[in-house]
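Chemist: Below you'll find the structure I mean.
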Amino acid sequence: MKKANVLSVLMMFGVLCGLIAAVPQSSAAQAQQQASPFKDRAEYDAYNAVEQAKDPAAQVEAAEKYLAAYPQSKVAERILTLKLQAYQQLNKVPELQETAEKLLEVNPKQVYALFLLSTLFPQTFNPQDPAADQKLSAAADRAKAGLEQTATLEKPANVPDADFKKQKDQLDAAFHQALGFASLQKKQYEPAQQELKKAIELNPTDAAGFYRLGIAYLTPEPRNYDQGIWALARAVSITGPTSLPGEMQTQVKDYLNKVYESQHGSKEGLDALLTQAATSPFPPPDFHIQTAEEMAPPEPEPTPTPEAKRELTVKPEELSSYDIIQKYLQAGGQKADDTWELLKGSQLTLPGKVVGATPAARPRTVQLAVAPELQNQDARFDVEVTLAAPSAKPIAKGETRTFEGTVDSYRAKPFLLKLVDAKEAR
């Protein structure tokens, strides 16, 4: 983020921090209501010169003179606080950081200094710095100390509840942001996600925070594309003083385009996503960016490859006589199976001696003795014929008749072959 943007934000927050931070009383007159913190009139006058300076540059000069003359001052915290506020007005970032660090040497719990350093740290950190690891650890320690201090802040009587909560949330957001940034730099992605999410929940218009959260989701494997892309879309959708600066916004938008297209397969739907993210910090519970694979129509079920037809052990021309049919069907095994595969459902014409016919008047079922050895016996038969329609005339026992029908079933022993839908052959 640009320095000017950083300092404008800091100046705005400086006002709110001044409202709720526990700092020494703001004038020598108030200090004199208790035991005087000044050792003599000269110190009192030097202190008063700092308090009453109208110009920030003059206030810095007066503060430096006072601290040089009175290094053991009992009001050093107040002087450094005034100096800090003056540097804010002067937009002098290095001096601002240096003064905040000195303020923490006087009072390690000074929430205003902790806030400023936590806010500035992500903007000024240099990962190439030889002391980068130590600075990341120090920043995390300051942010944790800041959260401990905001937890104990008491609301001043003259500050409305809603204003106090808003101010406290902004402080906590800066501390969580610093913690998340430090974790992100250390490639500790899960704690980075947790802290950065807390920060933007408290400060949902912080574009830089959403950008960092997006990176925390999209860097580790497996990538959380849904949450990461939404965070980037939110980052580039934010306008106003907390938006990304122009060049950075262009870079983040280019990165968003690339990640979205790689996941979705095209940029279709991205404009709608940007519009949606501009109105809500977080995605709806069912938010999901479909991948190209998810959008592709399902592949058709493969056509099963027909099994190669096995060559039968019996050829159709072999089944030209009844005795061969009976022999093969009674043989069992593959030969019987193959014979039946050829025979079942086929049309067969058989002559035989009538053994029985029912009912007597208009017979529908006829028992035939077809095998020669059965034709000399009175009761045995080996073919059962079911006519398609009852016979118009009785069929006398002992007559030789020929029937044509569809082979339906058989019994191997004692052998019986059944024909259905039959008629008498002429």
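Chemist: State the number of residues belonging to region 153-172 that are over 14 Å from Phe115 (Cα atoms) and more than 35 Å from the chain's Cα centre (by Cα). Before the answer, list the steps.
Modeler: Step one: filter region 153-172 for residues over 14 Å from Phe115 (Cα atoms), giving 154-166.
Restricting the remaining residues to those that are more than 35 Å from the chain's Cα centre (by Cα) gives 154-164.
Matching residues across region 153-172 total 11.
Chemist: Report those helices (runs of 4 or more DSSP H) wholly inside region 120-227 carrying at least 1 residues which are loosely packed, with under 14 Cβ neighbours inside 10 Å and small (Gly, Ala, Ser). Please lay out each step first, then the result.
Modeler: Details: elements: 132-152, 161-185, 189-202, 207-218.
Fully inside region 120-227 and qualifying: 132-152, 161-185.
Chemist: Among Gln59, Gln85, Gln52, Gln72, which is under 21 Å from Gln123 (Cβ atoms) and not small (Gly, Ala, Ser)? Walk me through how you get there before you give the answer.
Modeler: Values: Gln59 fails: under 21 Å from Gln123 (Cβ atoms); Gln52 fails: under 21 Å from Gln123 (Cβ atoms); Gln72 fails: under 21 Å from Gln123 (Cβ atoms).
After applying the criteria, what remains is Gln85.
Chemist: Answer yes or no as to whether Phe282 is assigned to a loop (DSSP other than H, G, I, E, B), hydrophobic (A, V, I, L, M, F, W, C), at pLDDT 90 or above and in contact with a helix residue (DSSP H, G or I) (Cβ under 7 Å, 6 or more places away or on another chain).
Modeler: Details: assigned to a loop (DSSP other than H, G, I, E, B): yes; hydrophobic (A, V, I, L, M, F, W, C): yes; at pLDDT 90 or above: yes; in contact with a helix residue (DSSP H, G or I) (Cβ under 7 Å, 6 or more places away or on another chain): no.
So Phe282 fails the test.
Chemist: Now a separate question. If Leu419 satisfies every condition in (1) in contact with a strand residue (DSSP E or B) (Cβ under 6 Å, 6 or more places away or on another chain); (2) within 24 Å of Glu317 (Cβ to Cβ); (3) surrounded by fewer than 19 Cβ atoms within 10 Å (Cβ to Cβ) but one, which is the exception?
Modeler: It is condition (3) that Leu419 fails.
Chemist: Could you check region 313-369 and list, in sequence order, the residues that are among the basic types (Lys, Arg) and closer than 17 Å to Glu404 by Cα? So that I can check it myself, show each step before the final result.
Modeler: Here is the first cut: in region 313-369, the residues among the basic types (Lys, Arg) are 315, 327, 335, 344, 353, 362, 364.
Within region 313-369, Lys344, Lys353, Arg364 meet the criteria.
Chemist: Here's something else I'd like to know. Which is of a type in the set (Lys, Arg) and either modelled with pLDDT under 95 or under 26 Å from Pro56 (Cβ atoms) (or both), of Lys83, Lys144?
Modeler: On the way: Lys144 fails: either modelled with pLDDT under 95 or under 26 Å from Pro56 (Cβ atoms) (or both).
Every option except Lys83 fails the conditions.
Chemist: Looking at this structure, is Ala369 in contact with a Lys or Arg (Cβ under 9 Å, 6 or more places away or on another chain), more than 30 Å from Asn224 (Cβ to Cβ) and either in the same structural domain as Tyr260 (by TED's automatic domain parsing) or of a type in the set (A, V, I, L, M) (or both)? Can you show your working first?
Modeler: Numbers: in contact with a Lys or Arg (Cβ under 9 Å, 6 or more places away or on another chain): yes; more than 30 Å from Asn224 (Cβ to Cβ): yes; either in the same structural domain as Tyr260 (by TED's automatic domain parsing) or of a type in the set (A, V, I, L, M) (or both): yes.
Here the answer is yes, as Ala369 does meet what is asked.
Residue-by-condition table, conditions (1) hydrophobic (A, V, I, L, M, F, W, C); (2) at negative phi:
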| site | (1), (2) |
| --- | --- |
| Pro298 | no, yes |
| Leu329 | yes, yes |
| Gly333 | no, no |
| Glu341 | no, yes |
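Chemist: Could you list, in sequence order, all residues of region 98-119 that are closer than 21 Å to Asp172 by Cβ and in a helix (DSSP H, G or I)?
Modeler: Residues of region 98-119 that are closer than 21 Å to Asp172 by Cβ, as a first pass: 100, 103-104, 107-119.
Those that are closer than 21 Å to Asp172 by Cβ and in a helix (DSSP H, G or I): Ala100, Leu103, Leu104, Val111, Tyr112, Ala113, Leu114, Phe115, Leu116, Leu117, Ser118, Thr119.
Chemist: Moving on to the next point. Among the residues in region 11-20, are any modelled with pLDDT under 95, among the β-branched types (Val, Ile, Thr), more than 30 Å from Thr250 (Cβ to Cβ) and out of contact with any helix residue (DSSP H, G or I) (no Cβ under 7 Å at 6 or more places or on another chain)? So that I can check it myself, show each step before the final result.
Modeler: Kept after step one, since they are modelled with pLDDT under 95, are these residues of region 11-20: 11-20.
After this cut, where a residue has to be among the β-branched types (Val, Ile, Thr) as well, the list is 15, 20.
Still in the running and more than 30 Å from Thr250 (Cβ to Cβ): 15, 20.
With the extra rule that they be out of contact with any helix residue (DSSP H, G or I) (no Cβ under 7 Å at 6 or more places or on another chain), the set shrinks to 15.
Yes; the residues of region 11-20 include at least one that is modelled with pLDDT under 95, among the β-branched types (Val, Ile, Thr), more than 30 Å from Thr250 (Cβ to Cβ) and out of contact with any helix residue (DSSP H, G or I) (no Cβ under 7 Å at 6 or more places or on another chain).
Chemist: Out of all the residues in region 243-280, which are under 25 Å from Gln123 (Cα atoms) and crowded, with 19+ Cβ neighbours inside 10 Å?
Modeler: Result: Ser243, Leu244, Val252, Leu256, Ala277.
The values are calculated or read from the model by the stated rules, or taken from the named source; none is laboratory data. This structure is a prediction, so every number in the text was calculated from the model and none was measured. Reconstructed Cβ throughout: ideal geometry from the backbone, glycine too, with neighbour counts over all protein chains shown.
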